[in-house]
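What follows is calculated from the coordinates using simple rules that are stated; it is not laboratory data. Quick caveat, the model's predicted, so the values are computed rather than measured.
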Ligand code: XMP
């Protein structure tokens, strides 16, 4: 793709011009965007870049292994793997407001990046895989209605006191363009084709307060759901799919006993840029089979519902 080849070369020049001889910390989230940003920046400045993968305790099943494998084994890009789940889950305990969750997570990410920057003798820059839609949905439009829909953790979620300058080479791109750029940079297809995963992770798929118990249930339900989607050959037809754990228990019956357990919501959408989306029209047999599997295989769940809201009026994530 010649447009992306030109973009790649131009972006590399811009990164070199901005960074000079400085050091850059790049946060990896497990998503495509931050991975593409990191590979691009590494191409531009080599070992002036340090990648940091923060396990905030809000990752999907096997996420950490997938990301660490890609960077260390496939690209040979050095990667610091920080387990900060205690700090994140500690600060998030009892927090139920979605914007407070997002801001807390944004602040803690910066704490981790600043600590890592110190360890390498100071870094002047923080790199992120911010895309154009992240920017649009986080800022208040001038001349339009002054509302923030969500503070994306890497835009509106950043604390004011951050003293590293931002390097955001994907800021003008949409998701589909990032994928083209990722292929151009040689990222493996399994990684480029992954569904988006938000920086705040499972925190925004767990309405209400977040506990380790709930996160475990959510992770397991999500893994069964995605497995079902892959087995039915639907993964690439769907733009993004995930499970949500509702903060409510309902009554059920299993064998001859009463159950009182959580409800799992399933979300799947088609979209091109994430700014608008349609809910995915599964056939009922698929949904029935998936619900049965989740209830049988995931302890703590006795009911499954499917979200049939498009965006607008819903957003893709529930918070
Ligand atoms: P919404 O829920 O706003 O999501 O319709 C649109 C797309 O953006 C992702 N998303 C985020 N990605 N940091 C991210 O990196 C965030 O804070 C964030 N919030 C939402 C969401 O997964 C969807 O793909």
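Below, the figures for the structure above:
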{"item": "Degrees between helix 175-184 axis and first principal axis of the chain (Cα, 0 to 90, nearest 10)", "result": "60 degrees"}
{"item": "Average Cα contact separation per residue, the stretch 1-134, under 8 Å, 6 or more apart, as relative contact order %", "result": "33 percent"}
{"item": "The chain: calculated mean residue ellipticity at 222 nm from DSSP helix runs of at least 4, using -39500 (n - 2.57)", "result": "-12000 deg cm²/dmol"}
{"item": "Shape category assigned to the stretch 27-98 from the gyration tensor of Cα positions, a/c cut at 1.5", "result": "prolate"}
{"item": "Hull volume in cubic angstrom per residue (convex hull over the Cα atoms of the stretch 70-138)", "result": "133 Å³"}
{"item": "Over the chain, relative contact order from alpha-carbon pairs under 8 Å, at least 6 apart, %", "result": "17 percent"}
{"item": "Two-decimal ratio, the stretch 1-58, of alpha-carbon radius of gyration to 2.2 N^0.38 Å", "result": "1.22"}
{"item": "Cα-based convex hull, the chain, per residue volume (Å³, whole number)", "result": "140 Å³"}
{"item": "For the chain, built as a Gaussian network whose Cα springs stay under 10 Å, the top-fluctuating residue of 164, 254, 275", "result": "254"}
{"item": "Cα radius of gyration and Dmax for the stretch 211-306 (Å)", "result": "13.9, 48"}
{"item": "Among 84, 93, 35: highest mean-square fluctuation, GNM of the chain, C-alpha pairs under 10 Å", "result": "93"}
{"item": "Degrees, to the nearest 10: 212-231 long Cα axis against longest axis of the chain", "result": "90 degrees"}
{"item": "GNM flexibility winner over the chain from 236, 283, 307 (Cα, springs under 10 Å)", "result": "283"}
{"item": "The stretch 211-306: relative contact order in percent, alpha carbon pairs under 8 Å with at least 6 residues between", "result": "30 percent"}
{"item": "Degrees separating the helix 98-119 axis from the principal Cα axis of the chain, which is the longest one", "result": "40 degrees"}
{"item": "Cα coordinate range in the stretch 252-308, projected on the principal axes (Å, largest first)", "result": "46, 21, 16"}
{"item": "Convex hull volume per residue for the stretch 2-192, taking Cα atoms only, in Å³", "result": "129 Å³"}
